[in-house]
């Protein structure tokens with residue numbers, strides 16, 4: 001498990017969510033208040049760096065981003081957390097999803113369209129961690145059992 005307080009507004013944690021014969025599924029948790037627009041760029045950079053560190057350390061086959069305790073309204077740079085999951089050699093992303101609720105979920109929805117980073121990467125948005133984990137199990141061919 002890795003944990004870090006990025007600044008006064010955001011904290012990050014990670015944990016092994018599921019261990020399989022194929023590899024690990026990790027959860028990356030972001031909590032706090034994401035600053036509006038470009039003021040959130042330094043936070044997004046730190047969130048991306050944290051995600052990179054988790055991916056480098058754990059080598060997961062899939063990632064669940066838990067944003068249920070993140071207060072986010074807008075700012076494009078948050079999409080950069082997808083890039084540590086990109087395999088440049090195959091030009092594909094590791095399976096991932098985001099769990100968010102309320103205003104944060106509504107504000108993030110457009111990132112999941114076919115013209116925005118999470119949609120292009122094949123990520124999905126969920127309001128429930130169990131649904132999100134089922135999605136990831138299917139993506140890594142474990143089924144829902």
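Pick from region 78-107 the residues that are closer than 14 Å to residue 49 by Cα and surrounded by 23 or more Cβ atoms within 10 Å (Cβ to Cβ): which of them is modelled with the lowest pLDDT?
Step one: list which residues in region 78-107 are closer than 14 Å to residue 49 by Cα, which gives 78-86.
Among the residues that remain, those that are also surrounded by 23 or more Cβ atoms within 10 Å (Cβ to Cβ) are: 78, 81-82.
On the way: 78: 85, 81: 93, 82: 95.
Checking each candidate, the answer is 78.
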- Task: Considering only residues that are in contact with a helix residue (DSSP H, G or I) (Cβ under 7 Å, 6 or more places away or on another chain) and buried (at least 18 other Cβ atoms within 10 Å of the Cβ), look in region 35-54 and name the one that is modelled with the highest pLDDT.
- Result: 51
- Note on the structure: Per the filter on region 80-104, residues closer than 19 Å to residue 126 by Cα and out of contact with any helix residue (DSSP H, G or I) (no Cβ under 6 Å at 6 or more places or on another chain) are 85, 98, 101, 102, 103, 104
- Query: Looking only at residues in region 19-54 that are part of a strand (DSSP E or B) and within 11 Å of the chain's Cα centre (by Cα), which one is nearest to residue 94 (Cα to Cα)?
  - Reply: 26
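If I go through region 75-116 residue by residue, how many of them are at positive phi and either in contact (Cβ under 8 Å) with a residue 40 or more places away in the chain or not in a helix (DSSP H, G or I) (or both)?
Of all residues in region 75-116, those at positive phi come to 75, 91, 102.
Narrowing further to those that are either in contact (Cβ under 8 Å) with a residue 40 or more places away in the chain or not in a helix (DSSP H, G or I) (or both): 75, 91.
Here the count works out to 2.
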- Picked from region 7-34 (must be modelled with pLDDT under 90 and crowded, with 19+ Cβ neighbours inside 10 Å), the residue nearest to residue 103 (Cα to Cα) is 34
- Message: Against the conditions (1) modelled with pLDDT of 95 or more; (2) within 15 Å of the chain's Cα centre (by Cα); (3) more than 15 Å from residue 130 (Cα to Cα), where does residue 57 fall short? Just the number, please.
- Response: (2)
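The values are calculated or read from the model by the stated rules, or taken from the named source; none is laboratory data. In this text, all values refer to a predicted model and were calculated from it rather than measured experimentally. Glycine also receives a Cβ, built like all others from the backbone with ideal geometry; neighbour counts cover every protein chain displayed.
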